[in-house]
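I'd like to ask some things about the structure below.
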Amino acid sequence: MARYTGKEVYIRWVYSGGTVELNTDFRSIEENQEMQAADQTAGPDDYTSELPMRVTNTVSVELLDNDSAAGQNIWAALKPGTQGTLTWGPLGTATGQPRRDFPCFVRTRTRTLPFDDVVSIRAEFAPLGDITDSTW
């Protein structure tokens, strides 16, 4: 099994206002899958017991901000509630490489302005459907 880095990652956000590429200044993309559970604990039980229910996918992207029109467009495209499809390729977009598509909406966006570092944006995407795997 070959190891790889995020250097080749391609990320784009397609929404009703257009398409923005997020990979040009990205720092990280993070997939999170969480199993929701139902509590099945009863009165005499000594320990909590849960039943697995369904998986919730979320994806977060962190990227550097800039003061250009492109930076302003990215911030506007990541407005909370905006719906679209987040697509990324962990190994780039060459034919045959893996591709992931996620119908989702922007749950949160955060802009961090530290006094001694570059300005960054972090957006969290929540599901409107399942993440699908394919190839470019």
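Please specify each residue of the range 105-134 satisfying the condition of being over 16 Å from the mean Cα position of the chain (by Cα) and surrounded by 12 or more Cβ atoms within 10 Å (Cβ to Cβ). Even if it seems obvious, please write down each step before you answer.
Going through the range 105-134, the residues over 16 Å from the mean Cα position of the chain (by Cα) turn out to be 112-119, 134.
Selection gives Thr112, Val118, Val119.
Within the range 6-104, which strands (runs of 3 or more DSSP E) (wholly inside it) include 3 or more residues that are surrounded by fewer than 17 Cβ atoms within 10 Å (Cβ to Cβ), touching a Ser or Thr at 6+ places or on another chain (Cβ under 8 Å) and in contact (Cβ under 8 Å) with a residue 24 or more places away in the chain? Full working, then the answer.
On the way: elements: 10-15, 18-21, 26-39, 50-64, 83-89.
Those strands (runs of 3 or more DSSP E) span 26-39.
Hey, another quick one. Residue check: is Asp116 acidic (Asp, Glu), under 21 Å from Gly6 (Cβ atoms) and either touching a residue at least 12 places away in the same chain (Cβ under 8 Å) or not in a strand (DSSP E or B) (or both)?
Values: acidic (Asp, Glu): yes; under 21 Å from Gly6 (Cβ atoms): no; either touching a residue at least 12 places away in the same chain (Cβ under 8 Å) or not in a strand (DSSP E or B) (or both): yes.
Criteria not met by Asp116.
Consider Leu22 carefully, then state whether it is more than 17 Å from Val9 (Cα to Cα) and not hydroxyl-bearing (Ser, Thr, Tyr). Outline the logic, then answer.
Working: more than 17 Å from Val9 (Cα to Cα): no; not hydroxyl-bearing (Ser, Thr, Tyr): yes.
No.
How many of the residues making up the range 66-86 are farther than 13 Å from Pro127 by Cα and among the β-branched types (Val, Ile, Thr)?
1
We did not get these values from a lab; they are worked out from the coordinates using the rules stated. Model, not experiment: these values are computed from the prediction. Every residue, glycine among them, receives a Cβ derived from its backbone with ideal geometry; neighbour counts consider all protein chains shown.
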